[in-house]
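*Asks:* Input: one structure, supplied below.
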Amino acid sequence: MNGIAPESYVAGKWIGPGTAAKPIMSPVDGSEIARAGGADLDFAAMRAFALDKGGPALRAMTFHQRAKMLKALAGYIGSRKEELYALNPLTGATRKDGAVDIEGGIITMTVIAGKGRREMPDGHVYIDGEVERISRSGTFLAQHIAVPRQGVAVHINAFNFPVWGMLEKLAPTLLAGMPAIVKPATQTCYLTEACFRMIVESGLVPEGAVQLIVGGTGDLLDRLGPQDVVSFTGSADTALTLRSNRNLLSQSVRFMAEADSLNASVLGPDVVPGSEEFDLFVKQAATEMTVKAGQKCTAIRRIIVPEAQMDAVTEALAERLRGTTIGDPAGDARMGALASAAQRADVLEKAAMLASEATNVLEGLTAPDGPGFVAPMLFRCADPDAGRTVHDVEAFGPVSTVMPYRDLPHAAALANRGNGSLVASLVTGDPQVARAFTLDSAAWHGRLYITDRTSMKEATGHGSPLPHLVHGGPGRAGGGEELGGVRGVLHYMQRTAVQGSPDVLTAVTGQWVPGAREIEGPAHPFRRTFRYIEIGETIVTEPREVTLEDIEHFAHFTGDTFYAHMDEAAAQANPFFPGRVAHGYLLLSFAAGLFVMPDPGPVLANTGLNGLSFQKPVSPGDRVHVRLTARRKTQRTDAYGEVAWHVTLYNQEAEQVAEYELLTMVAYEMP
């Protein structure tokens, strides 16, 4: 493997290491495995290339087109993943560790792509919330929208997840429509570069949408402006240095940090030795200490247990850790090496600081020779209230501290003393314990992972960030967020309140707004294919009288004999009804009967309805009619798309009695 020379990708060209390139040494045997950086990169050209080429190309695509691109890209990387696994042992990680990084990155990109297809519009504007009615007659409205920022996203990633760290940021950024410049940590940049090269070679991503820096960022941060975004993962100290950049502050550059934190795991007061929850807790703690040799921003650093279980937990966990095989990550070892000799030195330094307040119960446990190997260290702190170092110092390796608590509020207080974390976990069989802990601690943690014997078989694990959920946390954890489904996409977009008439909002959002112009099509809209249906296309049906016989038949046929439909005196006693009234679902059925077309046509199926509300009761003798308007179109496949129809029901006085959104699948073209 000697001679690896990871290259930067600048303005569409690969640039190899320069004369000042730094050697990267193996954490397993100390040999040189690569040389990286040292090239004179043109950062002004990189930013200009992203803004002039990548940004416009991405913004020209719809959210769904970008989502399809991400799905295809994840599939392409997945088809070549063994090339990444071949490099993975050089980082000190086992294949199982590598799966968290490589497979995790691919899965994350796939999930974000799916979120884009299902939860974002097939257009260029994301609608944030409902229309705000700010005028009496509804001629002047407001709508919050989000659009792609017209800058570049700079991703500065940590050494411990060279693939996942890149892909989990790229996915929401590209889905948002924003180009990115990726800067991986130098120690493991060769693995990032191998994956990045696949992205370029796939031909799926527009020119200028992605660029790569191997080495330092030079004056790049000094060149950023108000439309740019910096997203950082790493230590709290580095985050502070970066976010303090004078240009970032003066230009109000959006800065997001996800920093290492002193995550805690709490054993519930209801859990006793021998229970499934107890065994789960011990296994989870050991796993989080040894996966990636403890080099995870979400790893458990503080193990908080009831005073009565202090000895039992310590002994069980120590026994499990003593059985951990440490060795060459290319072999069958359970735990590999830290990423570098420098990382090992830092872990040992921090462990020595922890030893001033706690005792290593695994003293004497040894690891193989090699610059990156270190044995697990399990500290025991008898007085966590008096301790400071155990709540302030993180050894970024297979190191954790067990500490006792008196009662549940004390446990939450200890967990919160980490001053903000990415995740805190709780193992308990009592939902009330879970509730109390959540109320006391949620403000200090980005994620609460609560599990028991019911969920343990399907639970994802304390240290597993999921693309569906926010990854970040307050205080020491960086104060920012990543992932979280569409929430993560919005970090790379600008929220704007647009005010105007219904026609203006319809034009801006691509979604029909009540009060906007209605279009009379050449035929009933249910006779028209997805391709030709226009937003705003409307029909108004003939009226239908609702009779007492209709109400009684519906009641007996369905079994819904609620008194308001069947008992005149009881209905009149209800302040909401003038007497017996029609069932709401009877009205929906009548509405469908008024606007559907019975013969086969392009409408394939009704798939649901949203936002159903009843505004006014309908009495026997009232006549109802329907207005049906094409509100929104979303192409799902080449064969069909989803049309959302705005449906309103009115009585003979033109008073609105019901409203909902109907979803139908409509053929793209007739066969």
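The values are calculated or read from the model by the stated rules, or taken from the named source; none is laboratory data. Predicted model only: the values in this text are computed from it and were never measured. Positions of Cβ are backbone-derived with ideal geometry, glycine not excepted, and every protein chain shown enters the neighbour counts.
*Asks:* Of these, VAL393, VAL347, VAL374, which one is surrounded by 22 or more Cβ atoms within 10 Å (Cβ to Cβ) and closer than 19 Å to ASN263 by Cα? Give the derivation first.
*Replies:* On the way: VAL393 fails: surrounded by 22 or more Cβ atoms within 10 Å (Cβ to Cβ); VAL374 fails: closer than 19 Å to ASN263 by Cα.
Exactly one residue qualifies, and that residue is VAL347.
*Asks:* Restricting the first residue to the stretch 507-523 and requiring it to be at positive phi, which pairs with a second residue that is surrounded by fewer than 20 Cβ atoms within 10 Å (Cβ to Cβ) and small (Gly, Ala, Ser) meet a Cβ separation below 6 Å and a spacing of at least six or different chains?
*Replies:* GLY510/GLY123; GLY515/GLY138
*Asks:* Now a separate question. Out of ARG80, ARG47, report the one residue that is in contact with a helix residue (DSSP H, G or I) (Cβ under 9 Å, 6 or more places away or on another chain), surrounded by 19 or more Cβ atoms within 10 Å (Cβ to Cβ), touching a residue at least 60 places away in the same chain (Cβ under 8 Å) and basic (Lys, Arg). Walk me through it before giving the result.
*Replies:* Numbers: ARG80 fails: surrounded by 19 or more Cβ atoms within 10 Å (Cβ to Cβ).
Going through ARG80, ARG47 in turn, the sole match is ARG47.
*Asks:* Moving on. Could we say that GLY510 is under 30 Å from VAL229 (Cα atoms), surrounded by 18 or more Cβ atoms within 10 Å (Cβ to Cβ) and at pLDDT below 95 here? So that I can check it myself, show each step before the final result.
*Replies:* Values: under 30 Å from VAL229 (Cα atoms): yes; surrounded by 18 or more Cβ atoms within 10 Å (Cβ to Cβ): no; at pLDDT below 95: yes.
It is false that GLY510 is under 30 Å from VAL229 (Cα atoms), surrounded by 18 or more Cβ atoms within 10 Å (Cβ to Cβ) and at pLDDT below 95.
*Asks:* Okay, moving on. Exactly one of these conditions fails for ASN160: (1) modelled with pLDDT under 95; (2) buried (at least 21 other Cβ atoms within 10 Å of the Cβ); (3) in a helix (DSSP H, G or I); (4) within 24 Å of the chain's Cα centre (by Cα). Give me its number.
*Replies:* (3)
*Asks:* Only one residue in VAL214, VAL200 is over 15 Å from ALA45 (Cα atoms), in the same structural domain as ILE24 (by TED's automatic domain parsing), in contact (Cβ under 8 Å) with a residue 40 or more places away in the chain and crowded, with 20+ Cβ neighbours inside 10 Å, so which one is that?
*Replies:* Numbers: VAL200 fails: crowded, with 20+ Cβ neighbours inside 10 Å.
Only one candidate passes the filter, namely VAL214.
*Asks:* Looking only at residues in the stretch 181-195 that are closer than 20 Å to LEU51 by Cβ and of a type in the set (A, V, I, L, M, F, W, C), which one is surrounded by the fewest Cβ atoms within 10 Å (Cβ to Cβ)? Walk me through it before giving the result.
*Replies:* First pass over the stretch 181-195, keeping only residues closer than 20 Å to LEU51 by Cβ: 181-183.
Then keep just the ones that are of a type in the set (A, V, I, L, M, F, W, C); that gives 181-182.
On the way: ILE181: 25, VAL182: 28.
This residue is ILE181.
*Asks:* Being of a type in the set (Asp, Glu) and in a loop (DSSP other than H, G, I, E, B) is the filter; apply it to the stretch 645-669 and report the residue that is modelled with the lowest pLDDT.
*Replies:* Within the stretch 645-669, the first condition is being of a type in the set (Asp, Glu), and the residues that meet it are 653, 655, 659, 661, 669.
Adding the requirement that they be in a loop (DSSP other than H, G, I, E, B) leaves 653, 655, 669.
Working: GLU653: 94, GLU655: 94, GLU669: 79.
Within the stretch 645-669, the match that is modelled with the lowest pLDDT is GLU669.
Residue by residue, here is whether (1) touching a residue at least 12 places away in the same chain (Cβ under 8 Å); (2) of a type outside the set (D, E, K, R); (3) touching a His at 6+ places or on another chain (Cβ under 8 Å) holds:
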| position | (1), (2), (3) |
| --- | --- |
| VAL427 | yes, yes, no |
| SER441 | yes, yes, no |
| SER455 | no, yes, no |
| PRO465 | yes, yes, yes |
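*Asks:* If you scan the stretch 502-514, which residues turn out to be under 15 Å from SER135 (Cα atoms) and outside any helix (DSSP H, G or I)?
*Replies:* VAL513, PRO514, listed by residue number.
*Asks:* Restricting attention to the stretch 352-386, which residues are assigned to a loop (DSSP other than H, G, I, E, B) and touching a Leu at 6+ places or on another chain (Cβ under 9 Å)?
*Replies:* First, the residues of the stretch 352-386 that are assigned to a loop (DSSP other than H, G, I, E, B): 355-358, 361-376, 381-386.
Passing the criteria: VAL361, LEU362, LEU365, PRO371, GLY372, PHE373, VAL374, ALA375, PRO376, CYS381, PRO384, ASP385.
*Asks:* Continuing with this model, one more query. Quick check on the stretch 388-401. Is at least one of its residues assigned to a loop (DSSP other than H, G, I, E, B), more than 18 Å from ILE300 (Cα to Cα) and either at pLDDT 95 or above or not basic (Lys, Arg) (or both)?
*Replies:* First, the residues of the stretch 388-401 that are assigned to a loop (DSSP other than H, G, I, E, B): 388, 393-398.
Of the ones still in play, those that are also more than 18 Å from ILE300 (Cα to Cα) are none.
Within the stretch 388-401, none of the residues are assigned to a loop (DSSP other than H, G, I, E, B), more than 18 Å from ILE300 (Cα to Cα) and either at pLDDT 95 or above or not basic (Lys, Arg) (or both).
*Asks:* Out of the residues in the stretch 409-432 that are more than 22 Å from GLY473 (Cα to Cα) and surrounded by fewer than 21 Cβ atoms within 10 Å (Cβ to Cβ), which is nearest to the chain's Cα centre (by Cα)? Steps first, please.
*Replies:* Taking the stretch 409-432 as the starting set, the residues that turn out to be more than 22 Å from GLY473 (Cα to Cα) are 428-432.
Remaining after also requiring surrounded by fewer than 21 Cβ atoms within 10 Å (Cβ to Cβ): 429-432.
Working: GLY429: 28, ASP430: 28, PRO431: 26, GLN432: 28 Å.
For the stretch 409-432, the residue satisfying everything is PRO431.
*Asks:* Scan the stretch 257-269 for residues that are of a type outside the set (Gly, Ala, Ser) and under 18 Å from PHE159 (Cα atoms) and jot them down. Write out each step before concluding.
*Replies:* Applying the first criterion (of a type outside the set (Gly, Ala, Ser)) to the stretch 257-269 yields 258, 260, 262-263, 266-267, 269.
Of everything in the stretch 257-269, those that are of a type outside the set (Gly, Ala, Ser) and under 18 Å from PHE159 (Cα atoms) turn out to be GLU258, ASP260.
*Asks:* Looking for whichever is over 25 Å from ARG59 (Cβ atoms) and not charged (D, E, K, R) here; the options are VAL205, VAL163, VAL210, VAL154. Which one fits? Walk me through it before giving the result.
*Replies:* Working: VAL205 fails: over 25 Å from ARG59 (Cβ atoms); VAL210 fails: over 25 Å from ARG59 (Cβ atoms); VAL154 fails: over 25 Å from ARG59 (Cβ atoms).
Unique residue meeting the criteria: VAL163.
*Asks:* Do we find that ALA605 is modelled with pLDDT of 90 or more, farther than 17 Å from VAL657 by Cβ and assigned to a helix (DSSP H, G or I) in this structure? Before you say what the answer is, go through the steps one by one.
*Replies:* Values: modelled with pLDDT of 90 or more: yes; farther than 17 Å from VAL657 by Cβ: yes; assigned to a helix (DSSP H, G or I): no.
It is false that ALA605 is modelled with pLDDT of 90 or more, farther than 17 Å from VAL657 by Cβ and assigned to a helix (DSSP H, G or I).
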